[in-house]
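Everything below concerns the one structure shown next.
Here, each number is a calculation from the coordinates, and none is a lab measurement. Note that the structure is predicted; figures quoted are calculated from it, not measured. Cβ placement follows ideal geometry from the backbone for every residue including glycine, while neighbour counts extend to all protein chains displayed.
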Amino acid sequence: MPYSGFRIIVVEDDPGMRGSLEFLLEAHGFAVAAFAALDHVPEDLVQGWSCAILDVHLAGANGMAVYEVLRARGGALPAIFITGQADEAMRFHARRLKAVALLEKPFSDDALLEAVGRALAAAATPAAG
């Protein structure tokens, strides 16, 4: 498996989507920890993970705010945001957070895997400045 050894955190409140993401990523060799909400993510989990995939519209929360909490817990963790409908404000916020991608549902498996590949490359590249 080409991605063996890489670990991905998924925060998605829809159980069907969460299960599909988990299945796809595990089928490609990733270790996956999937959660329905931030309060289910253990405080110390973020360290040592390769990237995070977060739904923007979580029940009772904003995935971008969740990402800011995860980043504060563990430093530079590349993010991929997923949403049912993106607008200009959301795209701007994602860019401000230096997200690797903002994918609109439904997205293809290939689009997600390509974004994950870019996240892994970003994680391996030292930050400039």
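Computed values, structure above
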read-out	value
Viscosity 0.890 mPa s, 25 °C: Kirkwood-radius Stokes-Einstein D of the chain over Cα pairs, µm²/s	169
Region 17-91 - convex hull of alpha carbons, volume per residue in Å³	100
Efficiency of FRET from Cβ geometry, ASP13 and ARG95, R₀ 22 Å, rounded to 0.05	0.40
The chain - charge dipole about Cα centre, Lys and Arg +1 at Cβ, Asp and Glu -1, debye rounded to 20	500
Normalised contact order of the chain, rounded percent, pairs of Cα under 8 Å and 6 or more residues apart	21
Peptides ranked, highest mean first, by Cβ atoms within 10 Å: ranges 56-68, 32-44	56-68, 32-44
Zone of GLU104's modelled label, taken as backbone nitrogen in region 1-35 under 19 Å from a point 7 Å along Cα→Cβ	none
Sequence-distant residues sharing a close amide H with PHE6 (under 5 Å, placed H)	ALA31
